[in-house]
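Chemist: Before I ask anything, let me first share the structure, which is written out below as structure tokens.
Just so you know, all these numbers are worked out from the coordinates, no wet-lab data involved. Note that the structure is predicted; figures quoted are calculated from it, not measured. Note that each Cβ is placed from the backbone with ideal geometry, even for glycine, and that neighbours are counted across all protein chains shown.
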Amino acid sequence: MRSIWIAVLIGGIAILSISSCATVPTEPLASGELRLLSMQIPMKEDIKVNFSFEVNIKFEADGKPEIRTACFSFSGDGPYCYKVTDVNYGSPATIKVQVRAKNSGLNALESYIYYLLDGKVQPTNVVGCQIRVIP
């Protein structure tokens, strides 16, 4: 019985670590608004503590808002804010950020962006996914 429980637990962890990141339902954008849609991590299986990894965030926007920083929380630890390395306003619109994980294990990674709207810095909605960080 114990071996079945361990197998189920390991299977659940594996499914969480390889599942795709969540997406956000869309509604009409307000004037000048930037909305995050999803977050993807290309090297998801190779995330190591204190080594940077790339995070790609898909978004939609009314126009081309000025993006300031990208902030991340690891299972409630944070936020840690980073400089955005690349913004593509095409279709799909994407933001690329280099992030560092500080703790190993399974983490709920969440992100939001600060952008300029009507001369004021505003936060976006939050998107997230599960990641596994190895020592």
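Chemist: Gain in length, ASN125 to ASP77, computed as 0.36 nm per residue apart minus the alpha-carbon separation, to one decimal in nm?
Modeler: Extra length from ASN125 to ASP77 when fully extended: 15.5 nm.
Chemist: Which residues' amide hydrogens lie under 5 Å from the amide hydrogen of THR69, considering only partners 5 or more residues apart or on another chain, with H built in the peptide plane?
Modeler: TYR114
Chemist: Taking the simple approach of a point 7 Å from Cα along Cα-to-Cβ for both LYS64 and GLU45, what is their distance in nm?
Modeler: Rounded to a tenth, the inter-label distance reads 3.8 nm.
Chemist: How long are the semi-axes of the equivalent ellipsoid of the range 16-135, defined as square roots of 5 times the Cα gyration tensor eigenvalues? Whole Å, largest first.
Modeler: Working from the Cα gyration tensor, I get semi-axes of 25, 14, 12 Å.
Chemist: ³J(HN,Hα) across the range 40-50 via Karplus (A = 6.51, B = -1.76, C = 1.60, θ = phi - 60°), whole Hz, x for Gly/Pro?
Modeler: In residue order, the calculated couplings are 10, 10, x, 9, 4, 7, 10, 7, 10, 4, 6 Hz.
Chemist: Tell me the net charge near VAL133. Cut-off is 9 Å between Cβ atoms, VAL133 excluded, with +1 for each Lys or Arg and -1 for each Asp or Glu.
Modeler: +3
Chemist: In terms of modelled amide H atoms, which long-range or inter-chain residues lie less than 5 Å from the amide H of ALA93?
Modeler: HN-HN under 5 Å from ALA93: PHE59.
Chemist: Further, regarding this structure: Please give the net charge around LYS102, taking every other residue with its beta carbon less than 13 angstrom from that of LYS102, where Lys and Arg add +1 and Asp and Glu add -1.
Modeler: With Lys, Arg at +1 and Asp, Glu at -1, the net is +1.
Chemist: Further, regarding this structure: What spacing in nm lies between the two simple spin-label points modelled at LYS96 and SER31, each 7 Å away from Cα in the Cβ direction?
Modeler: So the two model labels end up 3.5 nm from each other.
Chemist: Short version: ³J(HN,Hα) in whole Hz for each residue of the range 64-73, in order, from phi by Karplus 6.51 cos²θ - 1.76 cosθ + 1.60 (θ = phi - 60°), x for Gly and Pro, what are they?
Modeler: Taking θ as phi minus 60°, the curve returns 10, x, 7, 8, 8, 9, 10, 10, 9, 10 Hz for the range 64-73.
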